[in-house]
Amino acid sequence: MRAADNLRTAAWAFKARPARMGALCVALACTLISVSTLASVVAGYSRQIEEYTFGDLARRISIQENTFLLDRFGPPRIEHLRALQKRVPELAGASAWRSTRVTVKHAKTEISLPLLGVYSETGAGLATLIVAQGRSFSTEELGEAYRGERRICVLGAFARRQLCKENLACGIDSIRVNGVQCAVIGVLQAPHGLAEQSLSDAVITPFFSAARLFERDSEIDVRGAERLELTVREATKTDAVRERVAQEMRALYGSPLSAPPPFQFANDASSLELLANQRTAFAGLLLVVITAAGVGGFVSFAGIMAGMVNERRREIALRSAFGARASDIVWQVLTEAALLALSAALVAALVTTGIVLLLDRFGSAPVALDGTVLALTSVLAVIISLTAAYPVARSAIERRGGLLSG
Amino acid sequence: MLCVLGPSGSGKSSLLALLAGMDVPDAGEIFAGDVAVHRLAPAAAAVWRGRHLGFLFQDAGLIERMSALDNVAIPLLYARCPLHLRREKALACLRSVGIPHLAEQMVDVLSGGERRRVGFARLLTVSRPLILCDEPTTGLDGTNAAEVIWTLQRMRNEGAALVVATHDPKVAAIADAHIEIPLGAAV
């Protein structure tokens with residue numbers, strides 16, 4: 001039988017038994033809705049945890065001096081950063097950091113805190129510098145043009161709490177860093193992930209201000225950085241970009257491949273490994289949820305399908321009596337099942353989108369609905385319906401007798 | 001043309017079902033030409049029926065919730081006939097049994113006589129070498145019954161072998177041979 005005839009016959013089956021087909025569609029759609037809603041919630045939690053834990057850490061490459069070498073080449077420099085930005089187009093952002101320990105004084109409070117100096121030409125890749133109060137550094141203040149004349153600082157959230165002695169109402173306009181006055185232009189928001197964590201108890205200033213004004217006994221010269229941080233456009237390309245950056249850094253240092261590299265990458269690999277493990281764990285959880293719901297849906301769908309085909313035993317026998325081959329009957333039932341699956345998937349996609357939007361707006365659970373979840377549920381629908389329909393169709397054509405009487 | 005006679009419940013329809021390969025005998029063998037029908041698997045039996053057999057059911061054997069035209073066109077559908085030809089041919093067959101106006105009617109709303117004529121129209125859609133008819137004239141008035149008998153004769157004259165289970169003496173009268181099943185045993 002031709003595909004068009006199959007579709008026409010399947011459409012007739014829908015028209016002839018709207019209640020039964022509707023029940024099948026609803027049974028399957030309910031399974032799909034529960035699967036896709038659960039998947040959306042699990043994906044939402046996964047994404048939130050990933051964001052909280054790593055932020056854009058998975059896309060970050062951190063370069064430091066290789067201090068284990070006897071012949072030291074010196075720390076990475078601002079010039080290296082600028083060259084990398086020109087030579088590696090896959091980089092979304094780049095920054096240079098230097099840090100030292102300083103004494104910070106506010107009113108009568110005097111504590112020791114890390115001082116971080118940050119350099120960036122475009123400000124891109126500094127997603128961690130999000131202020132809750134005041135303002136962050138301007139692009140000009142972060143770049144080469146600003147030579148550090150102004151004494152401006154941004155406080156980490158925890159640093160501010162320490163300086164205020166937990167007094168939430170306390171306002172800080174200026175502090176003294178190693179005895180040098182510094183105007184506080186902003187306070188960072190509380191950290192949400194590991195990337196922000198390292199900034200929360202620090203005082204942050206523009207790179208050249210740190211080098212020229214506030215540091216007292218740094219071993220690194222003014223244009224040297226403790227580390228360069230590069231942000232890759234796509235997390236999946238981080239490893240490849242790291243290789244490219246390694247080549248470029250060797251070239252910049254003039255270090256041959258036969259020698260140990262004069263720089264090293266910070267422990268990003270372990271973070272990525274952790275991230276990969278976390279994703280695998282969530283994928284496993286998602287698979288368990290989908291399997292459980294899929295099995296439940298399969299059983300109920302198969303039950304209703306078997307009932308329907310049993311009801312249509314006479315019709316199938318008549319078709320068979322008039323020359324329908326086994327394959328004709330099987331294809332007819334499978335086409336009906338596929339149409340049912342697609343209808344149920346459409347209904348489920350609409351309902352799930354509504355539920356997810358409602359949960360996102362009014363619920364407390366994080367949800368994330370994307371095309372992959374909907375596509376996977378549609379595939380699940382087709383698998384469930386075809387797997388349930390096939391044995392039912394086979395058994396229907398194996399039956400004999402009962403058609404004639406008298 | 002073989003006529004199968006016998007009272008209700010004697011097994012005439014069961015015999016036709018066995019001949020059509022829609023049922024399997026507990027014992028014995030059924031041959032149609034060289035084909036051992038009793039040995040055919042359901043799928044193979046369906047293929048054999050599609051090529052060699054026409055069947056008129058006692059209750060017309062119509063698929064409910066389907067139009068008369070679509071019911072008549074079913075054998076053509078499985079003979080891989082294109083849609084427009086199916087409809088054309090099915091309508092011609094309905095016309096030949098005098099009910100072209102019922103083509104788009106659902107068979108559920110047709111009277112018993114109309115249903116039997118739809119069933120007969122379906123028998124006419126394709127020509128088959130073996131035709132099994134179960135009570136072809138039951139429920140038809142005199143004129144329509146005469147038309148059915150005339151059509152059966154025409155089929156026989158065109159070379160088809162017919163096995164007809166009937167109570168109707170007019171049908172029995174045109175048969176070439178008779179068997180009688182008094183109480184489940186053919187004589």
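The values are calculated or read from the model by the stated rules, or taken from the named source; none is laboratory data. Because the structure is a prediction, the values reported are computed rather than measured. All Cβ positions, glycine included, derive from the backbone under ideal geometry; neighbour counts span all protein chains shown.
Summary of values
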{"item": "Some residue of the stretch B:113-128 being within 8 Å of chain A (Cβ to nearest Cβ), of a type outside the set (A, V, I, L, M) and in a strand (DSSP E or B)", "result": "no"}
{"item": "Some residue of the stretch B:136-145 being at pLDDT 90 or above, surrounded by 15 or more Cβ atoms within 10 Å (Cβ to Cβ) and within 14 Å of chain A (Cβ to nearest Cβ)", "result": "no"}
{"item": "Inter-residue pairs, beta-carbon under 6 Å, first closer than 9 Å to A:LEU163 by Cα and modelled with pLDDT of 90 or more and in the stretch A:91-116, second surrounded by fewer than 20 Cβ atoms within 10 Å (Cβ to Cβ) and of a type outside the set (Asp, Glu), 6+ apart", "result": "A:VAL104/A:ILE111; A:LYS105/A:ARG176; A:ILE111/A:GLN162"}
{"item": "Filter pass, A:ASP360 being of a type in the set (Asp, Glu), free of Cβ contacts under 8 Å to residues at least 12 places away in the same chain, away from every other protein chain (no Cβ under 14 Å) and more than 26 Å from B:ALA46 (Cβ to Cβ)", "result": "yes"}
{"item": "Where A:ALA281 falls short, out of the listed (1) small (Gly, Ala, Ser); (2) modelled with pLDDT of 75 or more; (3) over 23 Å from A:VAL367 (Cα atoms)", "result": "(3)"}
{"item": "Among (1) more than 7 Å from chain A (Cβ to nearest Cβ); (2) of a type outside the set (S, T, N, Q); (3) over 17 Å from the mean Cα position of the chain (by Cα), the one test that B:ALA32 misses", "result": "(3)"}
{"item": "Pick from the stretch B:80-112, criterion small (Gly, Ala, Ser) and surrounded by fewer than 15 Cβ atoms within 10 Å (Cβ to Cβ), ranking: nearest to the other protein chains (Cβ to nearest Cβ)", "result": "B:GLY112"}
{"item": "Among (1) over 24 Å from B:ALA20 (Cβ atoms); (2) at pLDDT below 90; (3) part of a helix (DSSP H, G or I) - the single one B:GLY98 does not satisfy", "result": "(3)"}
{"item": "Residue identified as at pLDDT 80 or above and in the same structural domain as A:LEU81 (by TED's automatic domain parsing) among A:GLN181, A:GLN197", "result": "A:GLN181"}
{"item": "Subset of the stretch B:35-47 [assigned to a helix (DSSP H, G or I) and more than 10 Å from every other protein chain (Cβ to nearest Cβ)]", "result": "B:VAL37, B:HIS38, B:ARG39"}
{"item": "Test: B:ALA121 is among the small types (Gly, Ala, Ser), under 27 Å from A:GLY323 (Cα atoms), modelled with pLDDT of 85 or more and surrounded by fewer than 18 Cβ atoms within 10 Å (Cβ to Cβ)", "result": "no"}
{"item": "Elements of type helices (runs of 4 or more DSSP H) in the stretch A:69-184, at least 1 residues being surrounded by fewer than 14 Cβ atoms within 10 Å (Cβ to Cβ)", "result": "A:78-87, A:139-142"}
{"item": "Qualifying residue in the stretch B:67-78 (condition: under 20 Å from B:SER127 (Cα atoms), within 13 Å of chain A (Cβ to nearest Cβ), in a loop (DSSP other than H, G, I, E, B) and touching a residue at least 12 places away in the same chain (Cβ under 8 Å))", "result": "no"}
{"item": "Residues located in the stretch B:48-65, provided they are at the interface with chain A (Cβ under 7 Å from one of its Cβ atoms) and either in contact with a strand residue (DSSP E or B) (Cβ under 9 Å, 6 or more places away or on another chain) or surrounded by fewer than 18 Cβ atoms within 10 Å (Cβ to Cβ) (or both)", "result": "B:ARG49, B:PHE55, B:PHE57, B:GLN58, B:GLY61, B:ARG65"}
{"item": "Residue among A:LEU334, A:LEU318, A:LEU340 that is within 22 Å of A:SER34 (Cβ to Cβ) and either buried (at least 17 other Cβ atoms within 10 Å of the Cβ) or away from every other protein chain (no Cβ under 14 Å) (or both)", "result": "A:LEU340"}
{"item": "Residue within the stretch A:239-248 that is modelled with pLDDT under 80 and not in a loop (DSSP other than H, G, I, E, B) present", "result": "no"}
{"item": "Some residue of the stretch A:72-85 being at pLDDT 90 or above, out of contact with any Pro (no Cβ under 6 Å at 6 or more places or on another chain), of a type in the set (Lys, Arg) and over 30 Å from A:VAL379 (Cβ atoms)", "result": "yes"}
